[in-house]
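The values are calculated or read from the model by the stated rules, or taken from the named source; none is laboratory data. Treat the numbers as computed from the prediction; the structure is a model and nothing was measured. No Cβ is skipped: glycine too gets one built from the backbone with ideal geometry, and neighbour counts run over all protein chains shown. Heads up: the accessible areas ignore ligands, DNA and RNA and are worked out on the full protein's heavy atoms, side chains in. Shrake-Rupley method; radii C 1.70, N 1.55, O 1.52, S 1.80 Å.
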Amino acid sequence: MSASGYFACYNVSVLNPSRIWQTDNVLKSELPILAFQIAFTALLSRVLFFILKPLHQPRLISQIFVGLLLTPPLIGRFTSVFEFIFPVNGVLNVEVLSHIGLIFYAFLSGLEMNLNTILNVKKKAASIALAGIIFPLVMAPVFYALHRNFFDSGAESLEQSTSNAYLIWTLVLTITGFPVLAHTLSELKLLYTGLGKAAFTTAMISDTYGWILFTLLVPFSINGERAIYSVLSTIIFIVVCIFVLRPIILRYIDSKTEKDEWDDDQLLFVVMGLFACSYVTDILGTHGIVGAFVYGLILPHGKFADLVMSISDDFIGGFLAPLFFIGTGMRLMLLSIFHQAHWPLTVLVGLLLCVPKILSTLFATFFFGMRTRDGLALGLLLNTKGAMALIMLNIAWDRSIFSKQTYAVITSAVLFMTVVASPVINAVYKPRKRFEQNKLKAIQKLRVDAELRILACVHNTRQATGMISIIESFNATRLSPIHVFALYLVELTGRAAALVAAHMEKPSSQPGDQNLTRSQAELESINNVFEAFGEIYDAVRVETLNVVSAFATIHEDIYNSANEKRTSLILLPFHKQLSSEGALETTSVVYKDVNLNVMQDAPCSVGIFVDRDLGSLSKMNFRILMLFVGGPDDREALAVAWRMAGHPGIRLSVVRILLFDEAADVDTSIHAEAQGILSAVMDSEKQKELDDEYINSFRLMAVNNNDSISYSEIDVHTGEDIPAVLNELEKIGCDLYIVGQGNCRNSRVFSNLLEWCDCLELGVIGDILASNNFGSRSSLLVVQQYGYGGMVFGKQPNHTRTNNDGFESLVVKIR
């Protein structure tokens, strides 16, 4: 009898003793059963993952819960159903495949580790990770003793040998699941916050420490007195792999990768190396996953690692590895905890197992000056467990180190630690709603001598070059410098930990990574472009950042970056780019969705840049035309244009479009529905007063004191007049249009025109100017002001109209 119950036996008929397959045709007898089991578990785990998605749970949890569903209290109580899904003669095949999946999982875990970060670890991350191991090492044996003391001796007895149980119990509590934590941070949109970066790096180091402890101590629970020889031989093997085998592999793989010579057969031989390393460590008496992990760690990262993961991750992570985690859930007999009189004390011990890691992290972060709340959150995050903890638990089960009651207590605690982390952190930090409502995060409200902080988002190098052109026009001076944060947006297409680790450091700084992935090469190119720009101007500081996230939620990472960097403006690239024929062609529709999402609740003002090869400002008389209709977005656009006008090579013309008669009619339905983030929505008269006040201030301080700035007005009476006015202005020509987005204008004319817009993020005027049918060759910047999105403006009273000769004395009247 094993720890899990009784042995199960079944007959195997030998039909072909002289052939390789001595039993019946496995393609007919066993493969259909195995395929059904894989399909059933994969489908059920995906359904549970979808159900648990609002709680931001990792796939590993849903897979374990599938195993729980198959235990006797639930589906397992129906013997016929359980035996149909998992017949006795199919268990061995499932076990073999699950362990192959586990070896591959360990290999991918090593492949996604950033060895450069591990070897160049900072003191803070190393100290927190070390404290998170020392405290559980000290406190865990105490909790195990309490568990044995509280457990009712009248019930079914616990394990007799306690030394190995002490060891496994303690090691499980010291482990942090790095891939699981990376998924949690990505789901909660904390990955690129200060807390997220600290947790990510610390978890990577803690996971490395966990592998070291696993290698050094687990053999003692497997091999007893002979374990010292297993440990020493395994250490020698690891040293040989890192310092002898790794340089050879790097040279071979890099040369093949650089020439793109990989085919399936060659990749097969490289991947077979993981089974060889796994077999060696298994023979040495450690565990097969140690060899697989080390092999993944020594392989070159970059393009090759990306290639291997793209081929194997879906199959391994989606079909094979889940079989192992489901088996973990099937062994968990929760009811065994409650089949004794002192079960409340046992449950209390299980809850107390969460404490050591949190206390140790809180203690360590206190010395580094972190807030108590951040220390608690970091402790909760580092408490998440992953595959290694489950592997240790399965070793304890298979070798009868744990009784089913002890296994149930420690496994339940591990699941509780992992499950509770995401909801608690999400409730405490509320990442999606924690931005301060500060109306000063707008260019209009910036002081003249304040630093302008811009978050420039790009998807590729071409967009980075265009962003530099528009940023250059913002007129950086020593009095009012500019701090540019270039943010490269990378779509999350695989394992979160692997992609993030690949982009943590500059690619060029990583030894053995000259064969970069496409995204790494793009990041390096973008970094070079912005660094070159920063070296030209003394008043410009540049930092290159990147975020890795699904495009459906990447706007939240942009919010976090803008909020943390305290930016006043987010610059976004338009989803179309100029073709060789001179027309705007769609680069990616997904980019449009990203822009729309960003403009919903951005923590500062937003600008969308439509680049028609704006080029450098080196030429004189760079002409900017700013169109002002009214409202907060137009005031912010005027503030941007006003700042640009300070550049010595720029000539600015501001044209105010005045609405009369039919064009001035108010759309009452929009007025009723408009919502803003201010405490009260300003009425139309207040908006009109703010427009007049800002225009008058601009004319007094800028137009009258600078010959390169002009101001004029145009009357508009009907909706048909607006395109006509824009066509008249286009004939005069300019290099750059600047307009307000005009969200939720309560003008009936603009509401009607909005229904015909292809690009709502540009607003009515911006959509017309960006249309290929309009035929403009000028670039366009559309601005949305922070804090006033959705504001409304009402009827315009009589205006006193003046103009300046700097814009060819243009006053257009259309009757």
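Just a few scattered comments:
- Cα gyration tensor shape for the stretch 129-273, rounded if a/c is under 1.5, else prolate or oblate: oblate
- Once both labels are positioned 7 Å from their Cα atoms along Cα-to-Cβ, the gap between SER310 and VAL448 label points is 5.4 nm.
- Shape of the stretch 233-365, Cα gyration tensor, a/c cut at 1.5: prolate
- With DNA, RNA and ligands ignored, accessible area of ASP314 (1.4 Å probe; Å², nearest 10): 110 Å²
- Distant-in-sequence amide H partners of GLY742 (H built 1.01 Å from N, under 5 Å): ASP633, ASP634
- Cα gyration tensor category, rounded, prolate or oblate, for the stretch 525-653 with a/c compared to 1.5: rounded
- FRET efficiency, 1/(1 + (r/R0)^6) with R0 30 Å, evaluated for PHE78 and VAL428 via beta carbons: 0.15
- Gain in span if fully extended, ASN528 to VAL239, counting 0.36 nm per residue against the direct Cα distance: 100.4 nm
- Peptide ranges 247-258, 555-566, 522-533 listed from the most packed, as the mean C-beta count within 10 angstrom indicates: 555-566, 522-533, 247-258
- Cβ-Cβ FRET estimate between LEU130 and ALA583, R0 fixed at 45 Å, reported to 0.05: 0.15
- Contact order for the stretch 274-374, expressed relative to its length and based on alpha carbon pairs under 8 Å spaced 6+ residues apart, stands at 11 percent.
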